[in-house]
Protein chains: 2
Amino acid sequence: MKKILIHLCLAAAFPAFAQHNDSLNLRQLSDEIMLHGTCYDNLRVLTKEIGHRLSGSPEAARAVSWGEAALKQAGADKVWLQPVLVPLWVRGSESLMVQLKGKEFEPLHMLSLGNTEGTAGKVLERTLICVPDLAAFDKLSDAEVKDKIVFFDYKFRQELISTFEGYGDAVKYRWVAVNKAAQRGAAAVIIRSVSTAPDDVPHTGASRYEDDAPHIPAIAIGNTGADKLAAACKKRVIKARLTSDCGMKGVMPSYNVIGEIRGADEPESVIVVGGHLDSWDVGEGAHDDGAGCVQAIEVIRTFKALHIKPKHTVRAVLFMNEENGVKGGNAYADSAKAKGERHILAMESDAGGFTPRGIGLEMPELLKQKVKSWSPLFLPYGVYDFDQEEGGVDIGPLKKQLGVPLAGLLPDSQRYFDLHHSRNDVFETVSHRELKLGAWTMAAMVYLADRYF
Amino acid sequence: MKKILIHLCLAAAFPAFAQHNDSLNLRQLSDEIMLHGTCYDNLRVLTKEIGHRLSGSPEAARAVSWGEAALKQAGADKVWLQPVLVPLWVRGSESLMVQLKGKEFEPLHMLSLGNTEGTAGKVLERTLICVPDLAAFDKLSDAEVKDKIVFFDYKFRQELISTFEGYGDAVKYRWVAVNKAAQRGAAAVIIRSVSTAPDDVPHTGASRYEDDAPHIPAIAIGNTGADKLAAACKKRVIKARLTSDCGMKGVMPSYNVIGEIRGADEPESVIVVGGHLDSWDVGEGAHDDGAGCVQAIEVIRTFKALHIKPKHTVRAVLFMNEENGVKGGNAYADSAKAKGERHILAMESDAGGFTPRGIGLEMPELLKQKVKSWSPLFLPYGVYDFDQEEGGVDIGPLKKQLGVPLAGLLPDSQRYFDLHHSRNDVFETVSHRELKLGAWTMAAMVYLADRYF
């Protein structure tokens, strides 16, 4: 009964003439973005002229300057940098050699996992053991694990239709498996990349040592390399040789990049729209998350180009350090809390620049129902899914600290984990139309939240 | 009231336990395809080992043999070839040189439009006139058109969210514009490619001369080439030089490739699932329409692998000559009519191997409502749109001649016209997961139609 009442209230609050008017305004946003949008060109510059940009790197510093200039170019009323201290992790050189056939050592494509420590450039040669998953690992005796290189051959569950579900399932091998093996005296860990791709490209990504876990090396190998390694393991006892330089090198000063349109009626109330500026140190961080950054900038540009004067302040935030620390997301929320800023919505795009299908909602039920009542306005653009509980990593602290309602862009997920955190996440894999449609979805949500939240 | 009654009847005919059972069976289909599907590997062979395959070409003949073997490999009860006479159009060599700056002639990337006649290898040099669209062309005097090369600089309407809508709007320049110019004495026609891509890649595609239209050459240039040409036209009177060998070279024997699972209860009633085997003579015909062929084969393979015994005969048809004649589609319908075969559904995949979003329905309202009542079964797979009136070119004759209900797979359309009919339609642009999800959508529709149609 309560639900029915809510629906009735919403229907009354959102009459047909409002829908019609909004529909026309959303079409204006769409025409502007599809015909004159600059997000695709912006992404080309970020990815091709700067490239990958791990927190604390010189490229990340260049990306900060780029973001500042791009937000000014988009017409933001005010652009500024918010200082953030970020961890500096450096890969250095690295290699893995394995006895795939007989006694000879052959190289396998590999990447150390982010935040891990390497072999300090020394050769670590040990017997390798292969386990299909954590359950099998738990059954091994301590003697079987001690001083071995443990290969967790856990496969991404391709039968799950949402690849984010598959990611959630498999990503524990970057975290839990590494620590479990370390705690039981393993010498190093190899995981099958958290990847859907039928190729031999390794995917990196953050790991983290538990307080009681030795800082052993941890690396990922590509899917077909993992197939070969698993096959070799089944035939005989084999050894692996790992060499790597990677490790944490302290902290560095960096920045969130922020640009805003000041609200016409309630400038003290803020709507945040964002993505993260840092990326892993391979590929170009095109989908993860150059796309989110240029889409957030596009929202500002489009509002300005159409002379839309939002009631509330609309703020694009390019967060630093999502990948290996979330220092930017935390710094932004800390600052908002300290200043007593009111945020009515924070929306993030950090699931790739693919064709949009929905908007995830992490907010009270009443607000969710309000957003769902707008779904007829989104459907003509192929945006139909408002049933996922999804915000974003960088905006998470805003909810945690200040209870801010969160929204997350939900692009189609089929291609993301083919290239996520790998050398294949490059500009050429981004579709100009899909990227722009995602930007429209952000702009439309901001437009409606500004009017009705 | 009638609609309400229909809904009530359907709800009664499709109770919850059936939905639950079907849901489990569709999940089985999905698991089989996502984990063990061979469509992606099949597509690799078709595109990489055979490549493009215009009707009547040696490659098309090899594709027929490939299709026959693939359907046998998939486990079809019976595989056969259905003879079709197809037109043989041959491109030969071709070039376009234009005075982009001053008197010097510079080359532009170009492709003759399919089915057109060239310059018989001779150099055709004429003054070029540029018009933005047909309306502007209609305002020109006959003297302004006569013996000129007419450049129709009509742009794909990027603001339309469905690119098929944009295609429907722009594709008339391949047909109507060519004939209008020919009828008014133009020497040749150049069109801006029917392409959404921000690049200089020309897209071909069929044209056709009206009975009273002279067979003048007609070519397409890429989008950035068109931008250059339009800019040059605005500055001064310029000339273009066209040389091309293309033309119709008679007819050739070819085949539709057909494989079926014989129905357990009503073998004389047929469900067709298909794509087209021919492609244009550039690129690899990966999305258009290798994808549709391997998806149709995947339906057969999956039913066989899961020991599903359909009540009706399920028939995969790889149609020949969709691109420049539809001889295969017509031959299939002619044969079905001659034999008095009953078809309860024909479904085609010919809109690319992209992530599926819906199923187009060209069938009586009562059947549409039945399909729509299944939508809860499709939604977990991201398939939500059953509101488009879409079948397919090859199955069109089945409806026209025999009134067969039609369905068309509706993949996401954003990337299709970036590569359609161009050298960029290659295997690398196909996502293994998207292709398989499309195959699942076909299999699910066939499974449900077999049970409930």
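The values are calculated or read from the model by the stated rules, or taken from the named source; none is laboratory data. Everything quoted here is computed from the prediction, not taken from an experiment. Neighbour counts run over all protein chains shown; Cβ positions are idealised from the backbone, glycine included. For accessibility, only protein heavy atoms count, side chains too; no ligands or nucleic acids. Shrake-Rupley method; radii C 1.70, N 1.55, O 1.52, S 1.80 Å.
Within segment A:267-291, residues that are among the charged types (D, E, K, R) reach partners that are assigned to a strand (DSSP E or B) and open to solvent by less than 10 Å² (accessible area, probe 1.4 Å) with beta carbons closer than 7 Å, at six or more positions or on different chains, in the pairs A:ASP289/A:GLY275; A:ASP289/A:HIS276.
For segment A:251-285, the set of residues classified as touching a Gly at 6+ places or on another chain (Cβ under 7 Å), of a type in the set (Gly, Ala, Ser) and more than 9 Å from A:LEU318 (Cβ to Cβ) consists of A:SER254, A:SER269, A:SER279, listed by residue number. Within segment A:218-248, restricting attention to residues that are open to solvent by 60 Å² or more (accessible area, probe 1.4 Å) and not in a loop (DSSP other than H, G, I, E, B), the residue that is nearest to A:ASP169 (Cα to Cα) is A:ASP227. The set of residues in segment A:26-45 that are of a type in the set (Ser, Thr, Tyr), more than 19 Å from A:PHE378 (Cβ to Cβ) and facing chain B (nearest Cβ under 10 Å) contains only A:TYR40.
Quick grid of which residues meet (1) open to solvent by 10 Å² or more (accessible area, probe 1.4 Å); (2) more than 22 Å from the chain's Cα centre (by Cα); (3) polar (S, T, N, Q):
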| residue | (1), (2), (3) |
| --- | --- |
| B:ARG174 | yes, no, no |
| B:ALA182 | no, yes, no |
| B:ALA186 | no, yes, no |
| B:SER193 | no, no, yes |
| B:THR196 | no, no, yes |
| B:GLY205 | no, no, no |
| B:GLU210 | yes, yes, no |
| B:ILE216 | yes, yes, no |
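Does at least one position in segment B:249-270 carry a residue that is at positive phi, modelled with pLDDT of 95 or more and part of a strand (DSSP E or B)? The answer is yes; a qualifying residue exists. When restricted to residues that are in a helix (DSSP H, G or I), among the hydrophobic types (A, V, I, L, M, F, W, C), crowded, with 22+ Cβ neighbours inside 10 Å and within 14 Å of chain A (Cβ to nearest Cβ), segment B:407-442 contains 6. Residues considered: B:VAL371, B:VAL299, B:VAL317, B:VAL326. Of these, the only one that is of a type in the set (Val, Ile, Thr), open to solvent by less than 10 Å² (accessible area, probe 1.4 Å), more than 14 Å from chain A (Cβ to nearest Cβ) and within 19 Å of B:LEU398 (Cα to Cα) is B:VAL317. Only one of the numbered conditions (1) within 27 Å of the chain's Cα centre (by Cα); (2) surrounded by 13 or more Cβ atoms within 10 Å (Cβ to Cβ) is not met by A:CYS130, and that is (1). Every condition in (1) closer than 25 Å to A:ILE161 by Cα; (2) part of a helix (DSSP H, G or I); (3) not aromatic (Phe, Trp, Tyr) holds for A:GLN401 except the one numbered (1). Evaluate segment A:275-282: report whether one residue or more is in a strand (DSSP E or B) and under 14 Å from the mean Cα position of the chain (by Cα). So far as segment A:275-282 goes, yes, one or more of its residues are in a strand (DSSP E or B) and under 14 Å from the mean Cα position of the chain (by Cα). From the list B:LEU81, B:LEU108, the one residue that fits, being open to solvent by less than 20 Å² (accessible area, probe 1.4 Å) and not hydroxyl-bearing (Ser, Thr, Tyr), is B:LEU108.
On inspection, B:ALA170 does not qualify as under 24 Å from B:ASP425 (Cα atoms), of a type outside the set (Phe, Trp, Tyr) and within 14 Å of chain A (Cβ to nearest Cβ). It is to be established whether one or more residues within segment A:391-405 are within 11 Å of another protein chain (Cβ to nearest Cβ) and either surrounded by fewer than 20 Cβ atoms within 10 Å (Cβ to Cβ) or within 22 Å of the chain's Cα centre (by Cα) (or both). Within segment A:391-405, not a single residue is within 11 Å of another protein chain (Cβ to nearest Cβ) and either surrounded by fewer than 20 Cβ atoms within 10 Å (Cβ to Cβ) or within 22 Å of the chain's Cα centre (by Cα) (or both).
Among the numbered conditions (1) without any contact (Cβ under 8 Å) to a residue 40 or more places away in the chain; (2) within 14 Å of chain B (Cβ to nearest Cβ); (3) surrounded by 19 or more Cβ atoms within 10 Å (Cβ to Cβ); (4) not in a loop (DSSP other than H, G, I, E, B), the only one that A:GLN158 does not meet is (4). In summary, A:GLY403 fulfils each of the numbered conditions (1) in contact (Cβ under 8 Å) with a residue 12 or more places away in the chain; (2) out of contact with any helix residue (DSSP H, G or I) (no Cβ under 7 Å at 6 or more places or on another chain) with the single exception of condition (1). Taken as a whole, the structure places A:ASP41 among residues that are without any contact (Cβ under 8 Å) to a residue 12 or more places away in the chain, surrounded by fewer than 24 Cβ atoms within 10 Å (Cβ to Cβ) and in the same structural domain as A:ALA316 (by TED's automatic domain parsing). So for segment A:341-350 (the condition being more than 30 Å from B:ARG357 (Cβ to Cβ) and open to solvent by 20 Å² or more (accessible area, probe 1.4 Å)), does at least one residue qualify? Yes - at least one qualifying residue is present in segment A:341-350. Scanning segment A:87-105 for residues that are open to solvent by 60 Å² or more (accessible area, probe 1.4 Å), assigned to a loop (DSSP other than H, G, I, E, B) and at pLDDT 95 or above returns a single hit, A:SER93.
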